[in-house]
1. Could you list, in sequence order, all residues of the stretch 211-225 that are assigned to a helix (DSSP H, G or I) and buried (at least 24 other Cβ atoms within 10 Å of the Cβ)?
2. Might you check whether a residue that is of a type in the set (Phe, Trp, Tyr) and farther than 21 Å from SER246 by Cβ occurs anywhere in the stretch 183-201?
3. Say whether the condition of being under 22 Å from SER246 (Cα atoms), modelled with pLDDT under 90 and touching a Ser or Thr at 6+ places or on another chain (Cβ under 6 Å) is met by at least one residue in the stretch 165-180.
4. Can you go through LEU132, LEU100 and tell me which one is within 23 Å of LEU80 (Cβ to Cβ), open to solvent by 50 Å² or more (accessible area, probe 1.4 Å) and not hydroxyl-bearing (Ser, Thr, Tyr)?
5. Can you confirm whether the stretch 226-236 contains a residue that is surrounded by fewer than 17 Cβ atoms within 10 Å (Cβ to Cβ) and among the aliphatic types (A, V, I, L, M)?
6. Here are some conditions: (1) more than 23 Å from LEU42 (Cα to Cα); (2) surrounded by 18 or more Cβ atoms within 10 Å (Cβ to Cβ). ALA200 meets all but one. Which one does it not meet?
7. Could you tell me which residue of the stretch 112-129 is nearest to the chain's Cα centre (by Cα), considering only residues that are open to solvent by 40 Å² or more (accessible area, probe 1.4 Å) and not hydrophobic (A, V, I, L, M, F, W, C)?
Amino acid sequence: MIRSGNPALKQSTFLDSSSGAIVRGGDNVMTLNGTVNKTGMLLLMCVLTAAFAWGQVSTPQGIVGAAPYMWGGLIGGFVLAMVTIFKKTWAPITAPMYALVEGLFLGSVSAMFESMFPGIVMQAVLLTFGTLFALLFAYRSGLIKATENFKLGVAAATGGIFLVYLASMVLGFFGIQIPLIHESGLVGIGFSLFVVVIAALNLVLDFDFIESGVEQQAPKYMEWYGAFGLMVTLVWLYIEFLRLLSKLQSR
């Protein structure tokens with residue numbers, strides 16, 4: 001079937017959990033235009049709540065109060081993502097909720113980065129959407145093909161990055177830091193560049209996965225699910241661009 005590094009768009013996404021057969025939508029099926037439209041709606045919702053959170057914490061006094069928005073958005077987004085992944089039929093409800101909650105996280109984090117490195121947020125936004133449209137063009141034109149080896153390599157690299165971040169988070173609870181990768185030295189910048197590349201390549205897998213869902217005539221609610229999966233990758237890519245740019249400006 002199809003392999004993706006994105007945890008929301010995994011091999012079994014279009015399969016029935018009990019029978020293992022491909023779920024088809026009958027006359028009311030997933031379309032590419034529908035998925036694109038719903039992705040735009042999710043982005044708009046995310047921007048609205050991000051702008052609200054930005055306005056609340058963008059002042060020096062407000063930065064101190066950024067934690068509720070940041071942690072609330074992070075934890076709420078994680079919970080809603082898990083619900084969406086395990087209950088795909090709920091995606092028309094949970095995907096918009098995820099976008100709204102994730103916007104609070106992104107807005108507060110962006111305001112914190114902007115206070116330390118003026119101009120960094122606009123750079124990260126332009127790089128994120130520039131990467132999205134460049135890879136979409138490359139995919140649609142055939143310059144990049146999502147072969148099985150390509151999918152396997154990106155999925156393996158994504159899993160490795162996840163394990164590194166998980167280990168870093170767990171060790172951080174005990175006051176232990178993984179050396180170099182979070183610093184602004186050459187190793188840290190190189191690591192961030194690698195993560196940005198892998199996050200960007202996940203977009204190619206997402207495009208391929210959504211296109212395959214359309215070809216397999218997946219149910220209509222999968223448009224919301226496909227848009228949600230693409231949002232997950234875009235959020236990750238944007239955060240990694242912020243991290244990379246902050247390291248570069250720290251030198």
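1. Step one: filter the stretch 211-225 for residues assigned to a helix (DSSP H, G or I), giving 211-215, 222-225.
Those that are assigned to a helix (DSSP H, G or I) and buried (at least 24 other Cβ atoms within 10 Å of the Cβ): GLY213, MET222, GLU223, TRP224, TYR225.
2. Within the stretch 183-201, none of the residues are of a type in the set (Phe, Trp, Tyr) and farther than 21 Å from SER246 by Cβ.
3. Taking every residue of the stretch 165-180 in turn, at least one turns out to be under 22 Å from SER246 (Cα atoms), modelled with pLDDT under 90 and touching a Ser or Thr at 6+ places or on another chain (Cβ under 6 Å).
4. Criteria check complete, one pass: LEU100.
5. no
6. For ALA200, the failing item is (1).
7. Across the stretch 112-129, the extreme among qualifying residues is GLN123.
This table checks each residue for (1) of a type outside the set (S, T, N, Q); (2) farther than 25 Å from PHE133 by Cβ.
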| residue | (1), (2) |
| --- | --- |
| TYR165 | yes, yes |
| ILE178 | yes, yes |
| LEU205 | yes, no |
| GLN217 | no, yes |
| ILE239 | yes, no |
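The values are calculated or read from the model by the stated rules, or taken from the named source; none is laboratory data. Source: prediction; values computed, not measured. Quick reminder, even Gly has a Cβ in these numbers, built from the backbone with ideal geometry, and neighbours come from all protein chains shown. Calculation scope for accessible area: heavy atoms of the full protein, side chains included, ligands and nucleic acids excluded. Shrake-Rupley method; radii C 1.70, N 1.55, O 1.52, S 1.80 Å.
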